[in-house]
1. Restricting the stretch 1-47 to residues that are assigned to a loop (DSSP other than H, G, I, E, B) and basic (K, R), which is nearest to D285 (Cα to Cα)?
2. Return the total of residues in the stretch 210-240 being outside any helix (DSSP H, G or I), free of Cβ contacts under 8 Å to residues at least 40 places away in the same chain and farther than 19 Å from T169 by Cα.
3. Here are some residues: G274, G293. Which one is in contact with an Asp or Glu (Cβ under 8 Å, 6 or more places away or on another chain), at pLDDT below 70, surrounded by fewer than 21 Cβ atoms within 10 Å (Cβ to Cβ) and assigned to a loop (DSSP other than H, G, I, E, B)?
4. Have a look at R151, R140 and point out the one that is within 20 Å of R211 (Cα to Cα), out of contact with any Cys (no Cβ under 7 Å at 6 or more places or on another chain) and among the basic types (K, R).
5. Quick one: what pairs do we get from the stretch 148-159, first residue farther than 16 Å from D205 by Cβ, second modelled with pLDDT of 95 or more and of a type in the set (A, V, I, L, M), C-beta under 7 Å, 6+ apart or different chains?
6. Among the numbered criteria (1) under 27 Å from P60 (Cβ atoms); (2) at pLDDT 75 or above, which single criterion is violated by C258?
7. Taking the stretch 194-210 on its own, how many of its residues are in contact with an Asp or Glu (Cβ under 9 Å, 6 or more places away or on another chain) and either closer than 15 Å to F147 by Cα or of a type outside the set (F, W, Y) (or both)?
8. Quick check, is L317 modelled with pLDDT of 80 or more and assigned to a loop (DSSP other than H, G, I, E, B)?
Amino acid sequence: MGGLRYRESIDAFFSGEATGTPPVSCWRHHPVADQAVATMAEATVGFQRRFDCDAVKLMPPSSYQLRDYGMSDRWDGNPIGRRTLGPPIAVDVSSWQRIAAVRAFPHRDQQIEAAALIRRALPSHVPVWATVFSPGFQARNLAGAAFTEHRSRHRAVVDAALEALTVATVDLIDRYFDAGVDGVFYVVQHATAEESTVGEYRSVDLPFDVRCIERIRAGGPAFLHLHGSRVHAELIGLWNPDAVHYEAGTADFGSGGCAVPQATGPGSLVSPLGADPARVGPRIDGLRAAMAGRALMIAPGCALPLATSDRMIDTFLAAARHAS
């Protein structure tokens with residue numbers, strides 16, 4: 001099979017079907033524009049209209065689920081488009097209790113509004129995927145380096161906050177689907193050997209992750225992004241996503257990722273971007289050969305650098321769609 005585009009190609013991907021031409025997408029942050037509903041929607045829709053990807057991944061700042069708890073952030077010109085977080089706000093028992101008591105999320109909800117605008121602006125045959133960060137990601141950023149110590153000393157209080165973060169994250173997932181998104185890209189940034197053992201992650205974070213992923217799969221496909229190197233890939237079967245994407249540990253343009261274990265389910269997201277446009281086609285050919293007939297989608301890593309040229313993106317998309 002070949003020549004499929006947009007929703008047809010994505011549906012084939014999630015069914016486990018290896019098509020002649022895999023679906024392909026690109027995404028990057030929209031700093032400053034991502035701070036308001038209308039400009040976030042305009043930037044996202046404009047990017048899709050320019051590059052005509054098979055699907056659109058929404059790219060809110062990674063702080064968007066933290067601001068309503070009191071976390072500050074700022075734009076410092078990061079080359080990937082990430083915002084810099086302010087100092088941790090979970091510094092003692094009372095601050096964890098305040099986090100657990102938060103029930104209103106006006107800043108977060110702006111991204112849901114933007115998602116609804118984006119979904120209405122784009123043709124129905126183009127899938128739109130939200131981005132949601134795990135409760136463990138949120139807790140670790142709210143507490144900074146003190147998270148492990150806090151949980152060791154005040155486990156019941158920290159776990160109550162993690163439970164509240166999970167409830168809020170599940171609500172966010174539901175509201176994204178109500179806004180019309182087709183699936184969710186669920187981001188886990190601390191399931192690595194540098195951050196924890198497999199046993200520690202399984203004990204502390206995995207139950208919350210599983211609840212979120214199950215809720216995603218009740219509404220649409222769940223992507224699992226495992227950020228970093230030396231990820232706990234042996235837990236993929238317990239996370240049980242529809243597709244998995246993790247960093248390959250390379251220095252490639254866009255921090256490319258590759259997911260190939262048989263346990264990943266029907267599909268894998270991969271990134272063959274390199275600094276030299278002439279090498280993109282051979283990289284994609286090699287990647288498709290390595291996947292040996294498995295369902296495949298080709299996409300960036302966490303995000304394209306802001307400096308990635310239109311020519312580079314055009315080259316990547318053309319090569320992905322026409323690789324032999």
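1. At the first step, the residues of the stretch 1-47 found to be assigned to a loop (DSSP other than H, G, I, E, B) are 1-5, 15-23, 25-32, 36.
If we keep only those that are basic (K, R) as well, we get 5, 28.
Details: R5: 19, R28: 24 Å.
Ranking the qualifying residues of the stretch 1-47, first place goes to R5.
2. Quick first cut of the stretch 210-240, residues outside any helix (DSSP H, G or I) only: 220-232, 240.
Applying the additional criterion that residues be free of Cβ contacts under 8 Å to residues at least 40 places away in the same chain yields 222, 224, 226, 228-230, 240.
Subset that is farther than 19 Å from T169 by Cα: 228-230.
Residues meeting the conditions: 3.
3. Values: G293 fails: in contact with an Asp or Glu (Cβ under 8 Å, 6 or more places away or on another chain).
Testing whether each residue is in contact with an Asp or Glu (Cβ under 8 Å, 6 or more places away or on another chain), at pLDDT below 70, surrounded by fewer than 21 Cβ atoms within 10 Å (Cβ to Cβ) and assigned to a loop (DSSP other than H, G, I, E, B) leaves just G274.
4. Working: R151 fails: within 20 Å of R211 (Cα to Cα).
None of the other options fit; the residue is R140.
5. Partner pairs satisfying both residue conditions: H154/V93; V157/V93.
6. (2)
7. Our first condition is that a residue be in contact with an Asp or Glu (Cβ under 9 Å, 6 or more places away or on another chain); within the stretch 194-210, this holds for 196, 198, 201, 204, 208.
Subsequent filtering for residues that are either closer than 15 Å to F147 by Cα or of a type outside the set (F, W, Y) (or both) retains 196, 198, 201, 204.
Of the residues in that region, 4 qualify.
8. Numbers: modelled with pLDDT of 80 or more: yes; assigned to a loop (DSSP other than H, G, I, E, B): no.
No.
The values are calculated or read from the model by the stated rules, or taken from the named source; none is laboratory data. Values in this document were obtained by computation on a predicted structure and should not be read as measured data. Cβ: placed from backbone, ideal geometry, glycine included. Neighbour counts: every protein chain shown.
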